[in-house]
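Here the structure is laid out as structure tokens; the discussion comes afterwards.
The values are calculated or read from the model by the stated rules, or taken from the named source; none is laboratory data. Since the model is a prediction, treat every value here as computed from it, not as a measurement. Note that each Cβ is placed from the backbone with ideal geometry, even for glycine, and that neighbours are counted across all protein chains shown. The protein model used for the area step is the full one, side chains on, heavy atoms only, and it has no ligands, DNA or RNA in it. Shrake-Rupley method; radii C 1.70, N 1.55, O 1.52, S 1.80 Å.
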Amino acid sequence: MPLALLALAVSAFGIGTTEFVMMGLLPNVADDLGTSVPTAGYLVSAYAIGVVVGAPLLTAFGSKVPRKRMLLLLMALFTVGNLASALAPGFGTLLAGRFLAGLPHGAFFGVGAVVAARLVSEGRQARAVATMFLGLTVANIVGVPAATLLGQHLGWRATFLVVAAIGLCAMAALARLVPRIPVEAHQNVRHELRALGNRQVLLGLLTAVFGFGGVFAVYSYLSSMTTEAMGFGESSVTVVLALFGIGMTLGALAAGPLTDRALRPTLFGALGALAVVLVAFPFTVHVQWLALVMVVLLGAVGFMTTTPLQMLVMRKAQDAPTLASASNHSAFNLANAGGAWLGGAAIAAGWGWTSPAFVGAVLAALGLAVAAAAAFWDRAPAASRVVAQAGPESLRATSEPGREPGPSAGPGPEAGTGSGQDAGTGPGQHAGPRSGQDAMRTR
């Protein structure tokens, strides 16, 4: 793996730290700014809204900017947002700072995933993307607990100053280690939006909303479950959150090579395992050691969904993957907000502190159903007939990099093997995957 992936991982570490640290600092912020904890909770939502808004907008505006420069600009915006949060004189300005810090999140991971995939050879792309995401998972093991302790002892402003310093270090690493990757000649906003309209891309995003929503239905209330259901003291919350982060890291490490070998089976297996773990979770929380094991498993199977979903939307978007990749993080943050809301509604209804796990199991099952439907449509008979009728010349034309199939590639909405664009794909546009190997891996 090239050293440039380290720069992407360091950037992901900073982003992951600032995303989740606010959950542990809410009481400190509320006390300092003279507001309630529920009101301070809007700071979490402000960051998530920034991700949802910024991912498509910044990616679209930066569609003609070289990849390396775009990464540096996004990390600079991230640093400014955290610095503004640290210096915010009141709650309103802190809310604006959190929104500003969230804007580059999705766009950075979208562009970063494309860059990571291009730094390695075919067959190692998912591992490269997973390596970048390791920074995000390590943030939940080291960054978030350390930043929370720092905020509790030196004040929450010190936490955001340190995160801003991490942003500066990440910019230096990106400038030094990431090679220049020019923008493709055909790259523009309309090209990216056309790829985003691909049915398979939209289904992949919907899978992320439902599937990852199942994770956040529980993760959002894991601190309360630790004390109210598992019977641990408040001092153990940091340890439980770190165990969840360890599970996330293990899931990311496993997801890379598994996704490179078989994308859809990895996605199906992760979503199915997630539903099973969530169903079993409420029955194990009263046995403390078993509850801790389940927390690690929940983090592992939950985060195993991210790499295959990221690679799926990138491959289905074909030669315009950046906006689709960035929008995937908007979908993850919608899952964050939706899962937390549904889990909270279950608790408010009096169903108990572990009831969000059952809500999460339903969401994971819905995500698996959407993924299965996408796979079914991806194997449409029309697409199979096109592949069967294609001669050696057609297959060579499809598999050669930069060479696009003509009208003979087939008229269907998913001509090839379902990796193509929507209905209406014509000459000069990709109508199928770039190689038969791509098709087998995607399926």
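Observations
- Solvent-accessible area assigned to carbon and sulfur over the stretch 248-352 amounts to 78 percent, based on a 1.4 Å probe.
- Distribution of pairwise C-alpha distances over the stretch 239-380, 5 Å bins, in %: 2, 10, 16, 22, 22, 14, 8, 5, 2, 0, 0
- Rough spin-label spacing in nm, given labels placed 7 Å along Cα→Cβ, for residue 236 and residue 379: 4.6 nm
- A convex hull fitted to the Cα coordinates of the stretch 1-68 yields 117 cubic angstrom per residue.
- Exposure of residue 248 as accessible area (Å², to 10), given a probe of 1.4 Å and all protein chains: 10 Å²
- Projected label distance in nm at residue 80 and residue 351, using a 7 Å step from Cα toward the beta-carbon: 4.3 nm
- Over all orientations, the stretch 1-148 has a Cα convex hull whose mean projected area works out to 8.8 square nanometres.
- Over the stretch 111-246, accessible surface divided per residue gives 40 Å², non-protein components excluded, 1.4 Å probe.
- On a per residue basis, the stretch 42-107 carries 37 Å² of accessible surface, using protein heavy atoms and a 1.4 Å probe.
- Relative packing of 266-272, 48-54, which averages over residues the other C-beta atoms within 10 Å, highest first: 266-272, 48-54
- Calculated from the alpha-carbon coordinates, the stretch 217-314 shows an Rg and a Dmax of 14.2, 43 Å respectively.
- Full extension of the chain segment joining residue 39 with residue 180 gains 46.4 nm, where the gain is 0.36 nm per residue of separation less the Cα-Cα distance.
- Projecting label points 7 angstrom from Cα along Cα→Cβ for residue 53 and residue 280 puts them 4.2 nm apart.
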